[in-house]
Structures are given as structure tokens and as C-alpha cells.
Amino acid sequence: MRSGMERLKSGGILWLEGLREACCLHRVIILCLRSKPLMLRTGQCFLLNGFIFLGSIFVLNSVVIPALWWILPDQCSQLVSHKLCALAGTLKFYSFLRLVLIQLFYALWFYPLYVFSIVLSTLWYNDIAKYGYAAMGRSKFTVDNSSGQNNTVTMQNAYQAKRPSGLGGVMIGIGEQVYSILLLSVFFLEVYATGFIPYIGKVLNFLLLSWMYAYYCFEYKWNFNEVALDRRLDYFESYWPFFAGFGSPCVLAIFFFSPLVSYGIMAILYPLFVLTATGSEAEQEISFEKNKWRAAGVERLPIFYVADNVSMWILSLLPLEKRDRMQDRKAK
């Protein structure tokens with residue numbers, strides 16, 4: 001019983017540490033003040049996803065739809081001419097016309113804007129992470145003071161795999177990226193499927209979404225530091241309470257809204273958490289205390305077990321030569 005309570009306490013401490021790191025949004029202001037390109041990209045994200053996308057939803061719900069209900073009412077008492085009520089099917093025609101006009105608004109404006117926002121925001125997120133990483137004044141966790149340098153060298157040696165130089169290293173990097181995309185795509189489907197589980201589905205969905213957003217936030221920094229995929233997954237699964245806590249604020253902000261509104265809010269908040277993760281050193285400090293957390297009962301949790309096995313099954317369907325190449329790159 002005591003051991004179980006100690007494990008729960010240790011997991012809770014790590015979760016709170018992740019939550020605290022995610023809420024350190026003052027780092028965003030500091031990094032933006034250091035880098036004008038970063039401030040520009042972040043402002044563009046707010047303009048596109050906040051002002052234009054969410055603003056369009058507000059205009060639709062507050063102006064367009066009420067105007068359509070006023071022009072095309074659903075009750076005879078609201079009609080300008082009561083003679084129209086005598087005509088069969090007038091109200092049904094008005095209802096159908098309202099529906100068609102609203103769907104046209106979605107088809108001609110919202111859905112193209114949604115796709116445009118996803119594509120452009122994805123490019124901007126990478127720029128934001130790159131500019132934020134540069135604003136930190138780091139290169140592969142290198143800092144100016146000697147004590148910090150000793151620690152970061154330890155971190156780099158522990159979590160960065162040695163890649164061969166030249167074409168071999170490039171091919172391994174490409175293989176890792178392809179496998180990473182496949183793995184996270186399967187994990188996304190897993191997250192989506194948990195939402196349909198009765199009773200506990202919402203809780204599982206919230207937890208898995210927290211991990212997914214946390215992984216995406218830290219992935220940019222790990223890419224810049226050339227951390228191998230297997231090391232990322234091992235580290236992420238070893239300190240799963242920390243990353244569950246880190247991803248919780250972003251998920252909490254979007255969990256109770258409609259899909260379109262949730263996307264708009266997430267698209268605004270996500271770059272902020274990417275910058276917070278970029279400026280965070282907490283995951284390094286946690287890794288230095290690995291033995292402490294192991295002794296406290298925080299064991300590795302195979303979060304990506306299902307996604308990994310499904311991904312390997314999909315790769316097994318490829319021709320033998322391509323499959324062997326992908327598996328070799330994953331192993332390296």
C-alpha cells in the first residue's frame with residue numbers, strides 16, 4: 001500500500017512539474033523580444049488562426065445565421081406577408097434554403113480556410129520552433145557557462161545516437177522521419193478511437209491527447225538536437241507523467257468546444273507551448289535524477305506499444321527490401 005502511494009506521489013510530482021513547465025508562458029515573451037522573425041511568425045499565427053479563423057466562426061454564429069433566420073423565418077408569425085403561410089411548403093423551403101446557404105458558407109469559406117490554415121500553420125510552426133531555438137542562443141544544448149556545459153554534454157551523450165556522416169546518415173534520418181510520421185499517425189487514430197469507449201473513453205482521450213501534444217511540442221527541439229527516434233520514445237515513455245502534465249493545458253483549452261473552434265484555439269496555443277518546450281530545461285534535470293525517479297517507482301509506460309506494433313505490421317506489407325531498410329533505420 002505504501003509503495004503504491006509513493007508511486008502515485010512521485011507520478012503526481014512529475015505531472016505537476018510538467019504542468020508548471022507548460023504554464024511558463026513568460027518564456028514566449030522573452031524569446032519574442034530576442035527575435036523579430038519569431039515575433040513576426042507568432043503574430044501571423046495569431047492573425048490567421050485567431051482573428052481570421054475564429055473571427056469567421058464568430059461572424060457566422062453571431063451575424064450570418066441570425067440574419068438568415070430573420071430573412072427566412074421558420075414561423076408564420078414572423079413572415080412579412082401572412083399570405084405566404086397559406087402556400088404549402090413555404091416554411092420547409094425556407095428551412096432548406098437556410099441550410100443550403102449555411103453549407104455554402106462552409107464549403108466556400110470555412111473548409112478552404114481550414115485547409116489553408118493547417119498547411120500554412122504547419123510551415124509556420126517549424127519556423128517558430130527554429131527561431132525560438134536560435135533565440136535561446138544554443139546549439140545542441142550548448143550553453144556558455146562551464147557547469148551547464150558539463151551537464152548538457154551528459155544529456156547529449158545519453159539521448160543522441162551517433163549517425164554515420166554522408167549519405168548513410170541522410171538516409172537514416174529520412175527513414176526515421178517516415179517511421180515517425182507513420183507511428184504518430186497510428187497513434188492519432190488510437191487517440192480518436194478511444195473517444196468512442198463508453199464511460200472511460202473521455203478520460204483516456206484526454207490523457208492520450210495530452211501525450212500527443214506534448215510529444216509534438218518537444219519534437220521540434222529533439223529534431224534540432226538530432227536525437228534519435230528510439231531515444232525520444234524511450235525518454236518520453238520513461239517520464240510519461242511529466243509529459244502528461246505538460247500537454248494537459250493545451251488539451252483542456254480545446255476539450256469542451258466544437259471541432260472547428262477547438263482547432264482555432266489549438267492553432268493559437270500550440271506555438272506558445274512549442275516555444276515553452278524549446279526554452280525548457282526541466283526534461284534535462286529530470287533525466288539527471290533518473291535513479292531517483294526509478295527508486296520512487298516511476299517505471300516506463302509503453303505508450304506507443306500499439307502504434308509501434310501496428311506500424312511494424314504496415315511495414316511488413318512493403319516489399320522485403322524496402323521493409324528491411326526501414327527496420328534497419330529504426331534500429332539505428
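Hey, residue 9 hits all of (1) surrounded by 15 or more Cβ atoms within 10 Å (Cβ to Cβ); (2) at pLDDT below 90 but one; which does it fall short on? Evaluating residue 9 over (1) surrounded by 15 or more Cβ atoms within 10 Å (Cβ to Cβ); (2) at pLDDT below 90 leaves (1) as the failure.
A single entry from 299, 289, 321, 281 fulfils the requirement of being more than 24 Å from the chain's Cα centre (by Cα) and modelled with pLDDT of 70 or more: 299. Just the residues that are free of Cβ contacts under 8 Å to residues at least 60 places away in the same chain and more than 10 Å from residue 211 (Cβ to Cβ), please, taken from the range 233-255. 252, 253, 254, 255, listed by residue number.
Only residues that are assigned to a helix (DSSP H, G or I) and of a type in the set (S, T, N, Q) were counted in the range 250-285, giving 4. Quick check on residue 201: is it surrounded by 13 or more Cβ atoms within 10 Å (Cβ to Cβ), modelled with pLDDT under 90 and either over 22 Å from the mean Cα position of the chain (by Cα) or under 20 Å from residue 229 (Cβ atoms) (or both)? Criteria not met by residue 201. Residues in the range 209-221 that are crowded, with 20+ Cβ neighbours inside 10 Å, within 17 Å of residue 242 (Cα to Cα) and either acidic (Asp, Glu) or touching a residue at least 40 places away in the same chain (Cβ under 8 Å) (or both): 209, 210, 211, 213, 214, 217, 218, 221.
Conditions (1) open to solvent by 70 Å² or more (accessible area, probe 1.4 Å); (2) outside any helix (DSSP H, G or I); (3) at pLDDT below 90, marked per residue:
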residue: 53; (1), (2), (3): no, no, no
residue: 57; (1), (2), (3): no, no, no
residue: 63; (1), (2), (3): yes, no, no
residue: 84; (1), (2), (3): no, no, yes
residue: 88; (1), (2), (3): yes, yes, yes
residue: 94; (1), (2), (3): no, no, yes
residue: 108; (1), (2), (3): yes, no, no
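Take the residues in the range 223-250 that are under 15 Å from the mean Cα position of the chain (by Cα) and over 21 Å from residue 306 (Cβ atoms), then tell me which one is surrounded by the most Cβ atoms within 10 Å (Cβ to Cβ).
Applying the first criterion (under 15 Å from the mean Cα position of the chain (by Cα)) to the range 223-250 yields 236, 243-250.
Next, from what is left, pick out any that are over 21 Å from residue 306 (Cβ atoms): 245-246, 248-250.
On the way: 245: 24, 246: 32, 248: 23, 249: 19, 250: 23.
Ranking the candidates gives 246 first.
Kindly indicate whether residue 242 is on the phi < 0 side of the Ramachandran plot, of a type in the set (Phe, Trp, Tyr) and modelled with pLDDT under 90.
no
The values are calculated or read from the model by the stated rules, or taken from the named source; none is laboratory data. Bear in mind the structure is a predicted one, so any value in this text is a computation, not a measurement. For neighbour counting, all protein chains shown are included, and Cβ atoms are generated from backbone atoms with ideal geometry for every residue, glycine included. To get the accessible areas, we keep the full protein, side chains included, count just its heavy atoms, and leave off ligands, DNA and RNA. Shrake-Rupley method; radii C 1.70, N 1.55, O 1.52, S 1.80 Å.
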